[in-house]
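Below is one structure, written out as structure tokens, with a few remarks after it.
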Amino acid sequence: MPDLKYKRVLLKLSGEALAGPSGFGIDPTEVESIAGRLKEVHTTGVEMAVVIGAGNLWRGKQGLDRGMDRATADYMGMLGTMMNSLALMDALERDGVVTRVMSAIEMRAIAEPYIRRRAIRHMEKGRLVIFGAGTGNPYFSTDTAAALRATEVEAEVVIKATKVDGVYDSDPKKNQNARMFDRLSYIDVLNRRLEVMDSTAISLCMENHLPILVLNLWDPTALLRALEGEPVGTLVNG
């Protein structure tokens, strides 16, 4: 077992991570690929929790643009996160990883209700925990849910999984001269309006001195190397 820099982590995944080339829906091949990466990390002994978005199933902005009530649009998004959570749980358990889904909205037929002490106990017992349904409240994003749950379960870092190597000063897909940051402060992220996490999530992490590590989950070694303490991605703290 390798020496780990972090013993307990929370991974924030976008819903699009579970989608295929179209960017919409749930692609079983993508879900199984992500489950394989998580299993590789889980077998090191790190205690892991996951929060997943729902952008692959529902984008609230589409409803808002047509006059939908904001709370209704957000609750629909929470239900979308539960679909993604169950898909990932199934892939993980088929791969031999004992997994628990905990929901911020009570739906006992498919998931445990979120209870902080129970979530911590699951992680201590080596179970991978997926937190679904956001915070359970409208007007809060899954970024904020990730920051909140990480703080509650005393995770040592929030890992924001992306499809680029870290945080850049401009879009690297559009600007070949874009510069990647190795390290940023919370204030830098807020002042520069960098798309790391939304401002509420950044502020919550800052208030609780919770580091955010942005890395490329599609680099097959990045997550494991980061947990072992190698300089991977962009670290937001201080």
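Details
- Legend: residues Tyr6, Tyr114, Tyr139, Tyr75, sorted from most to least accessible area (1.4 Å probe; ligands, DNA and RNA excluded), read Tyr139, Tyr75, Tyr114, Tyr6.
- Estimated Rh, the chain: Kirkwood, alpha-carbon pairs, angstrom: 17.9 Å
- Largest to smallest principal axis extent of the C-alpha atoms in segment 87-129, angstrom: 26, 23, 11
- With only the Cα atoms considered, segment 149-220 has a convex hull volume of 98 Å³ per residue.
- The residues of segment 1-125 expose, per residue, 50 Å² of accessible area to a 1.4 Å probe.
- With a 1.4 Å probe rolled over the protein heavy atoms of all chains, the accessible area of Asp3, Asp95, Asp74, Asp69 falls in the order Asp3, Asp69, Asp95, Asp74, largest first.
- Dipole magnitude for segment 93-238: about 340 debye, using +1 per Lys or Arg Cβ and -1 per Asp or Glu Cβ, origin at the Cα centre.
- Solvent-accessible surface of segment 129-238, averaged per residue with a 1.4 angstrom probe and all protein chains in place: 48 square angstrom.
- Shown here are the Rg and Dmax of the Cα trace of segment 14-117, at 14.8, 48 Å.
- Residue order by solvent-accessible surface for Phe140, Phe131 is Phe140, Phe131, largest first, with ligands and nucleic acids left out and a 1.4 Å probe.
- Theoretical gain in end-to-end length, Asp171 to Arg108 [0.36 nm per residue, Cα-Cα removed]: 18.5 nm
- Each peptide in 22-29, 8-15 gets a packing score, the mean of other Cβ atoms within 10 Å over its residues, and the list from highest to lowest is 8-15, 22-29.
- Close amide H pairs (under 5 Å, H built 1.01 Å from N) link Arg8 with Glu47, Glu156, residues at least 5 positions away or on another chain.
- Close amide H contacts of Asn56 (hydrogens built in the peptide plane, cut-off under 5 Å, sequence separation of 5 or more or a different chain): Gly15, Glu16.
- A full extension of the chain between Glu228 and Glu40 corresponds to an added length of 66.4 nm, given 0.36 nm per residue minus the alpha carbon distance.
- Summary of the geometry: segment 56-89 and segment 108-125, compared by the centres of their Cα atoms, lie 23 Å apart.
- Relative counts (whole %) of C-alpha pair distances in segment 105-200, using bins that are 10 Å wide: 13, 37, 28, 17, 5, 0
- Within the chain, DSSP assigns beta bridges of which about 15% are antiparallel (rounded to the nearest 5).
- Around the amide H of Ala19, modelled in the peptide plane, lie the amide H atoms of Asp27, all under 5 Å away and 5 or more residues distant in sequence or on another chain.
- Dividing the summed helix terms, -39500 (n - 2.57) for each DSSP H run of n ≥ 4, by the number of residues in the chain produces a 222 nm estimate of -11000 deg cm²/dmol to the nearest 500.
- Span-like helix ranges in the chain, DSSP H, alpha carbon extent 30 angstrom or more, Kyte mean at least 0.0: 70-94
- Cα-based convex hull volume of segment 1-70 per residue, rounded to whole Å³: 102 Å³
- For the chain, the carbon plus sulfur part of the accessible surface works out to 49%, probe radius 1.4 Å.
The values are calculated or read from the model by the stated rules, or taken from the named source; none is laboratory data. From a predicted model like this one, the values you see are computed outputs, not experimental measurements. So basically every Cβ, Gly included, is an ideal-geometry build from the backbone, and we count neighbours across all protein chains shown. These area figures cover heavy atoms from the full protein model, side chains too; ligands, DNA and RNA do not enter into them. Shrake-Rupley method; radii C 1.70, N 1.55, O 1.52, S 1.80 Å.
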